[in-house]
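Below is one structure, written out as structure tokens; the observations come after it.
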Amino acid sequence: MIRLTCVGTGTAAPSPSRVQSAHLVETGDVRLLLDCGSGVAFRLANIGIDWSGITHVALTHFHPDHMLDLPTLLFAWRWGQLPPREAPLEILGPPGTQGLLERLAAATGDDMLSLGYPVMVRELEPGAEATIGTEILLRSRKVPHTAESVAYSVERGGRRIVYTGDTGHDRALGEWAAGCDILLAECSLPDELAIATHLTPRRCGELAAIAAPALLALTHFYPPVEATDIAGQVAERFEGPVSLAHDGWTRLIEDR
Ligand SMILES: [Zn+2]
Ligand SMILES: [Zn+2]
């Protein structure tokens, strides 16, 4: 089975109830964190997740609200636990991830990539796939947000979670996600603030109508969209089940 936990469902806008983006996928020997925005290290502890056991981190893109707590966690694994971490960590991301990590390491004045436990970095070309642990297949797909932005598909045993990361509307993304068990989609903005590089509730509905997931889960809510009838607007376009995730929201997908 696969467990998905939305750790952070917020955005660049500071929120009293949502930290920035991160979602944890746990299955078998893998604990994969998708994105790692500000506040995520705190929230992992706050919702009772064993943050010391994370095995992989995969970044969708390099906006601060998706990666700024990576240094926090890298430091926590060395200085925030006893005994310090020895297990290897793998960081995955689109091309440019290695350079990003080197710049972050230079900025923190310490080599956060060599703190006593092995850190491997694997850059995935959009469209490429990687085996994670022994059983998970991670695939990425380019999405319209920033130049490097990708969505991820996490697959194991015939089950599949697709996480859009940040994205604008893209029909091909919906087709790529077709038939997944959970489509975890960003839902940033209301119609009146719509831009080409983020989704609105109606755009989420359109994406889900193409993908037809067993469940559409929404995340990455800027405050103005939360003042709208998100579920009602999604339902205009998508008839299936919809969940509005919150920090700590979790779902278990049983094996087939
Ligand atoms: Zn974002
Ligand atoms: Zn972004």
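The values are calculated or read from the model by the stated rules, or taken from the named source; none is laboratory data. Remember, predicted model here, so these are calculated numbers, not experimental data. Here the Cβ positions follow ideal geometry from the backbone for every residue, glycine too, while neighbour counts run over all protein chains shown. Surface areas here come from the heavy atoms of the whole protein model, side chains and all, with no ligands, DNA or RNA. Shrake-Rupley method; radii C 1.70, N 1.55, O 1.52, S 1.80 Å.
Before moving on, here are some points about what is shown:
- Candidates in segment 118-132 are the residues that are in contact with a Gly (Cβ under 9 Å, 6 or more places away or on another chain) and open to solvent by less than 70 Å² (accessible area, probe 1.4 Å); of these, the one that is nearest to Gln81 (Cα to Cα) is Val121.
- Residues within segment 108-127 that are β-branched (Val, Ile, Thr) and at pLDDT below 95, tallied: 1
- Single condition Gly80 does not satisfy, out of (1) over 24 Å from the mean Cα position of the chain (by Cα); (2) small (Gly, Ala, Ser); (3) open to solvent by less than 70 Å² (accessible area, probe 1.4 Å): (1)
- Only one entry of Gly48, Gly93 meets the criterion of being more than 16 Å from ligand 1 (Cβ to nearest atom) and among the small types (Gly, Ala, Ser), and that entry is Gly48.
- All positions within segment 194-249 that are small (Gly, Ala, Ser), away from ligand 1 (no atom under 16 Å from the Cβ) and open to solvent by 40 Å² or more (accessible area, probe 1.4 Å): Ala209, Ala212, Ala214, Ala227, Ala231, Ala235
- Yes/no for Ser188 being at pLDDT 95 or above, surrounded by fewer than 19 Cβ atoms within 10 Å (Cβ to Cβ) and not in a helix (DSSP H, G or I): no
- Odd one out for Leu59, checked against (1) open to solvent by 10 Å² or more (accessible area, probe 1.4 Å); (2) within 16 Å of ligand 1 (Cβ to nearest atom); (3) within 17 Å of the chain's Cα centre (by Cα): (1)
- In segment 1-30, residue nearest to ligand 1 (Cβ to nearest atom) [restricted to those that are open to solvent by less than 10 Å² (accessible area, probe 1.4 Å), of a type outside the set (Val, Ile, Thr) and more than 18 Å from Leu73 (Cα to Cα)]: Gly10
- Residue among Leu33, Leu89, Leu68, Leu115 that alone is open to solvent by 30 Å² or more (accessible area, probe 1.4 Å), touching a residue at least 24 places away in the same chain (Cβ under 8 Å) and not small (Gly, Ala, Ser): Leu68
- Residues of segment 212-233 satisfying the condition of being more than 26 Å from Gly39 (Cβ to Cβ) and either among the aliphatic types (A, V, I, L, M) or within 22 Å of the chain's Cα centre (by Cα) (or both): Ala212, Pro213, Ala214
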